[in-house]
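Here the structure is laid out as structure tokens; the discussion comes afterwards.
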Amino acid sequence: MNVNTFWDDILEQNRDALANYFHPDAVIRWHCSNEQFSVPEFIQANCDYPGEWDGKIERVHQHGNQLVTVVNVFPKDQSASFHVVSFIELKGDKVITLDEYWADDGDAPAWRKSMGIGKPIR
């Protein structure tokens, strides 16, 4: 599986292409919102999500049939920013499990800023 094309199709909400990446019995889990999807449900959730999206793959690690990706996702108008860490298990060249953890990007909380520790990553 080509990770770059996979993420391009997710961000472009390319409904016609997405099913081709998944094994028919694949399971997709969004842990932060406690949701589990079948492939058709995942495609519906991804492609019917409002707005136009873009993003940048920041890291990819592969070990055997396991992939981990870290992607910065944002609306094309850059009004928000999110990071998603995806744990992908492949069966052959198809995704059989996809476990994702989504987080809103933002400033450190005031209580930590008041401690005077840490510094911005970028």
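The values are calculated or read from the model by the stated rules, or taken from the named source; none is laboratory data. Here the structure is a predicted model, which is why all the values come from computation and not from measurement. A quick note on method: Cβ atoms are made from the backbone with ideal geometry, for glycine too, and the neighbour counts reach across all protein chains shown. With ligands, DNA and RNA removed, areas are computed over all heavy atoms of the protein, side chains included. Shrake-Rupley method; radii C 1.70, N 1.55, O 1.52, S 1.80 Å.
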> Which listed residue (Ala103, Phe82, Pro120) has the Cα farthest towards the positive end of the charge dipole for the chain, taking +1 on Lys and Arg C-beta and -1 on Asp and Glu C-beta about the Cα centre?
Replying inline: Pro120
> Taking a 1.4 Å probe, which of Ser38, Ser86 shows the most accessible area, and what order do the others take after it?
Replying inline: Ser38, Ser86
>> Highest mean first, how do 9-15, 73-79 rank when packing is the count of other Cβ atoms within 10 Å averaged over residues?
In response: 9-15, 73-79
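How large is the charge dipole for segment 40-114, taken about the Cα centre, if only the Cβ atoms of Lys, Arg (+1) and Asp, Glu (-1) carry charge, to the nearest 20 debye?
That gives a dipole near 300 debye.
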> Per the helix-only calculation at 222 nm, which mean residue ellipticity applies to the chain, given -39500 (n - 2.57) for every DSSP H run of n ≥ 4 and division by its residues, nearest 500 deg cm²/dmol?
Replying inline: -5000 deg cm²/dmol
> Looking only at Val68, Val60, Val39, which one moves most when the chain is put into a Gaussian network model with springs between Cα atoms under 10 Å?
Replying inline: Val60
> Direction-averaged shadow area of the convex hull around the Cα atoms of segment 45-116, nm²?
Replying inline: 7.0 nm²
>> Percent of Cα-Cα pairs more than 15 Å apart in segment 11-56, please.
In response: 47 percent
> Residue-wise, which Karplus ³J(HN,Hα) couplings in Hz belong to segment 115-122, taking 6.51 cos²θ - 1.76 cosθ + 1.60, θ = phi - 60°, and x for glycine or proline?
Replying inline: 6, x, 10, x, 8, x, 6, 9
>> Just to be sure I follow: if Rg is taken over the C-alpha atoms of the chain and Rh is the Kirkwood radius over the same atoms, what is Rg/Rh?
In response: 1.02
>> How high is the relative contact order of the chain? Use alpha-carbon pairs under 8 Å, at least six apart in sequence, and give a whole percent.
In response: 23 percent
